[in-house]
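The values are calculated or read from the model by the stated rules, or taken from the named source; none is laboratory data. On a predicted model such as this, the values are computed, not experimentally measured, just so you know. Heads up, the Cβs are rebuilt from the backbone with ideal geometry, glycines too, and the neighbour counts pull from every protein chain shown. SASA here: full protein model, heavy atoms, side chains in, ligands and nucleic acids out. Shrake-Rupley method; radii C 1.70, N 1.55, O 1.52, S 1.80 Å.
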Amino acid sequence: MSVERYERIWMWMAAVLIVVFVGIILTSAGMAAVQPPSHIETVDPTTLDSNPEFSHPGVTIGPDGRVVVVVTAQMFSFSPDPIEVPARTPVTFRLTSADVIHGFEVIGTNANAMAIPGYVTQFTITFDTPGEYVIACNEYCGLFHHAMTAKLIVRGQQP
C-alpha cells in the first residue's frame, strides 16, 4: 500500500503540530510552575455550625498583620455581611458552602471563586483602592440567586 506524497506531508504536519502543542503545554507548566492542586482541604457541610473555623465566619487580623476572611455561603446569603478589610494588604479568603455550589465574585476586581459544599476554597488578593464593592453569587443556586449579594468594604487603614 502506498500513501500519496501530499497525504504524507499532511500526516507529518499534523504530527509536528501535536508535538508542538504538547511541548508548549509542558513548557508553560514548567516555566510558570503550574501544577494541579496537591492538597485539597475538606469540611463536612452538615456540621458547619460546630466547625471551629466556619461556625463564626468573619475577618481575623493576625499579630503579623495577615488578614483572613472566613466566609460561608448558603441559599441565598453570604456570612459575614458586610466584610471590612484594609486596603493595600493581602487578604486571604477561605470559603465553603453549606448547601449547594455558589459563586463568590467581588465585582470590579479579579476575585472570583466557587464555594463548593464539602470543600474549602482559598485565595489571596490585595485591594489597592478603598471603597465599597459588591460580592455576588455567579453560579446559579436557586430561585432567589439574583438576590444573593453581600458588601465588601475596603478601608484606607486597618479596620
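What to note about this one:
- Only helices enter this figure: runs of n ≥ 4 DSSP H residues, each worth -39500 (n - 2.57), summed and divided by the residues of the chain, yield -6000 deg cm²/dmol at 222 nm to the nearest 500.
- Here the stretch 11-101 has 65 percent of its accessible surface on carbon and sulfur atoms, given a 1.4 Å probe and all protein chains in place.
- Heavy-atom accessible area order for Ile40, Ile61, Ile135, largest first, 1.4 Å probe: Ile40, Ile61, Ile135
- Choice from Ala98, Ala115, Ala29 showing the highest fluctuation, given a GNM over the chain with Cα pairs closer than 10 Å: Ala29
- Extension reserve of the Ser79-Thr124 stretch, reckoned as 0.36 nm per residue once the Cα distance is removed: 14.4 nm
- Met75 contributes about 90 Å² of solvent-accessible surface, heavy atoms of the protein only, 1.4 Å probe.
- Among the listed options [x] 15.1, 54; [y] 14.4, 44; [z] 22.3, 78, the one matching Rg and Dmax of the Cα atoms in Å as calculated from these coordinates is [z].
- Placing +1 on the Cβ of every Lys and Arg and -1 on the Cβ of every Asp and Glu, with no other charges, gives the stretch 1-138 a dipole of roughly 580 debye about its Cα centre.
- For the stretch 110-155, the carbon plus sulfur part of the accessible surface works out to 53%, probe radius 1.4 Å.
- Charge-dipole axis of the chain as Lys and Arg at +1 and Asp and Glu at -1 on Cβ define it, positive-most pick from Cys137, Asn51, Ala29: Ala29
- For the residues Gly30, Gly65, Gly103, a GNM of the chain with alpha-carbon springs under 10 Å puts the largest fluctuation on Gly30.
- Cα lying deepest toward the dipole's positive end in the stretch 1-129, options Val85, Val20, Phe104, charges on Cβ: Val20
- Antiparallel DSSP beta bridges within the chain, percent to nearest 5: 70
- The residues of the chain expose, per residue, 64 Å² of accessible area to a 1.4 Å probe.
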